[in-house]
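What follows is a set of notes on a single structure, which appears directly below.
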Amino acid sequence: MEFQQVVGIRRSIRYFEPDKPVEQEKIQKILEACRVASCAVNAHWLKAVVVRRDDIAPADLEKMKNPVQANVIALAPVHIYFYGDPGVVNQIKGSRLKQLHDVGALNPTHGWSHKFVDEVVYPQILKPLTDNPFYPVALAFDCGVAACQGVLMAFDQGLGACLTAFVPEVVAKYTKVPGNWIPFYQLNVGYPAESREAGGQRPRPPFEEQYFLNQYGSSFPRDPKVVKELEASGLFTTPARPDNAERRKEIRDLARRLNLPM
Amino acid sequence: MALDKPLTDYDTVKTWDQGLRRQWGGDPLAEEPDMLESLREFCEFVAEDPDAIASKLFRIRKSDGERVLSVKWRTHYADKVKEFRARSGGGPEGQRKGSAVLSFMIHNGVLIQA
């Protein structure tokens, strides 16, 4: 699928075919997409543990549910638990930056050298950063960037996906992750039981309220011609609309088929 | 426990009915009478009427007088729904009956999945 079409067709899918297995290679592709994401200082804080729902004991699955994600995690055949590993910076001590230097990504043209990494970047910037109370926020941003690529890959593979919270204490029984890893979100993956449009592209705040040119308060000018181009390319698809009888019928049929409340 | 009036006379059942009509159009409780029957069975199971169930799911917060969801009672009724499903034979039939009860709670403003 073309990139803009993938972005355009992504939805938070909440209805999955519960018994249709997801191929291992498709899960791998999701993880591979996460791995090649942009990441500050090439640290790659994001870690993921894949668990198939049917490998979770029913009693534990019950304990993993909360009032807003219970149906999603029960329907999705694959759970990918995303964590951030805050220890990675002090494990690699700048070595991945030096790798970037060696392959010509970080160059002397921009001030980079092995000596700079060893004597300045790691000891004076990165190591102190790990003690900063905002460190988890910084790494969470990068983990989000990586997870987003995985989400898009899921849709590129014809799958559906939805990020939800998870109950780390219960999930840890399966994932057995180190105690210092920060639990973020669970990516629920499976074949969508919803139609591809899933009711249409979700409403979003106005562009002008979100993005600015030069300074806050000065909205970035939105060129209608560009919007038209993006409609043609598939980044914009059918907008979801209220009181959509077709969507209501789809959900009612799904509720019946999957025994969900209506 | 026998209900002291027809199920559809309870305020919370009227609210459910209105919510279903607004959400799905038509007259869902008439089109799918099993839903009312499931709620009736659940009321017998917990020995409470629908209004009593719904009223327990909310409480008045002492600090500001706001009406808020009671986590304690939501957990209680979520567990009761699970028991009710199992008691109804589990499987799709139990799921369907449990989902009818959840629908009643949802349309009365209770955020619940179980």
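The values are calculated or read from the model by the stated rules, or taken from the named source; none is laboratory data. Note that the structure is a prediction, hence the values are computed from the model and not measured. No Cβ is skipped: glycine too gets one built from the backbone with ideal geometry, and neighbour counts run over all protein chains shown.
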Filter result for A:Ser38 (surrounded by fewer than 15 Cβ atoms within 10 Å (Cβ to Cβ), modelled with pLDDT of 95 or more and closer than 16 Å to A:Cys143 by Cβ):
yes
Checking the condition more than 14 Å from chain B (Cβ to nearest Cβ), closer than 30 Å to B:Met35 by Cβ and modelled with pLDDT of 95 or more, which residue from A:Glu208, A:Glu194, A:Glu250, A:Glu229 passes?
A:Glu194
Go through the range B:17-40 residue by residue and tally those that are more than 11 Å from chain A (Cβ to nearest Cβ) and within 11 Å of the chain's Cα centre (by Cα).
3
Looking only at the range A:223-262, which residues are surrounded by 15 or more Cβ atoms within 10 Å (Cβ to Cβ), of a type in the set (Gly, Ala, Ser) and touching a residue at least 60 places away in the same chain (Cβ under 8 Å)?
A:Gly234
Options A:Val171, A:Val189: the member that is within 17 Å of the chain's Cα centre (by Cα), crowded, with 16+ Cβ neighbours inside 10 Å and not basic (Lys, Arg):
A:Val189
Among the residues of the range A:104-129, the number that are assigned to a helix (DSSP H, G or I), surrounded by 14 or more Cβ atoms within 10 Å (Cβ to Cβ) and under 31 Å from the mean Cα position of the chain (by Cα) is 6
Go through A:Val49, A:Val72 for me and flag whichever is of a type in the set (A, V, I, L, M, F, W, C) and more than 11 Å from chain B (Cβ to nearest Cβ).
A:Val49
Criterion first (farther than 14 Å from A:Leu163 by Cα, away from chain B (no Cβ under 14 Å) and acidic (Asp, Glu)) does A:Asp19 satisfy it?
no
The range B:31-67 - residue that is touching a Phe, Trp or Tyr at 6+ places or on another chain (Cβ under 7 Å) and without any contact (Cβ under 8 Å) to a residue 24 or more places away in the chain and, of those, nearest to B:Ser99 (Cα to Cα):
B:Lys56
Counting only residues that are of a type in the set (D, E, K, R) and either in contact (Cβ under 8 Å) with a residue 40 or more places away in the chain or surrounded by fewer than 17 Cβ atoms within 10 Å (Cβ to Cβ) (or both), how many does the range B:70-88 have?
5
Condition (residue is in contact with a Lys or Arg (Cβ under 7 Å, 6 or more places away or on another chain) and within 11 Å of chain A (Cβ to nearest Cβ)) applied to the range B:62-75: is it met by at least one residue?
no
So, first residue more than 7 Å from every other protein chain (Cβ to nearest Cβ) in the range B:89-114, second residue surrounded by fewer than 18 Cβ atoms within 10 Å (Cβ to Cβ) and not in a helix (DSSP H, G or I), Cβ within less than 7 Å, six or more apart or across chains; the pairs are B:Val110/B:Leu69
Evaluation of A:Tyr81 against (1) within 14 Å of chain B (Cβ to nearest Cβ); (2) of a type outside the set (Val, Ile, Thr); (3) assigned to a strand (DSSP E or B) (one fails), failing number:
(1)
The range A:57-69 - residue that is in a loop (DSSP other than H, G, I, E, B), more than 15 Å from A:Leu187 (Cβ to Cβ) and not polar (S, T, N, Q) and, of those, farthest from the other protein chains (Cβ to nearest Cβ)
A:Ala57
Of the residues B:Leu57, B:Leu69, B:Leu36, B:Leu20, which single one is modelled with pLDDT of 95 or more, out of contact with any Pro (no Cβ under 6 Å at 6 or more places or on another chain) and of a type in the set (A, V, I, L, M)?
B:Leu36
So for the range A:134-150 (the condition being more than 27 Å from A:Glu32 (Cα to Cα) and at pLDDT 95 or above), does at least one residue qualify?
yes
Can you give me the number of residues within the range A:98-140 that are in contact (Cβ under 8 Å) with a residue 24 or more places away in the chain and either under 21 Å from A:Trp45 (Cβ atoms) or in contact with an Asp or Glu (Cβ under 8 Å, 6 or more places away or on another chain) (or both)?
13
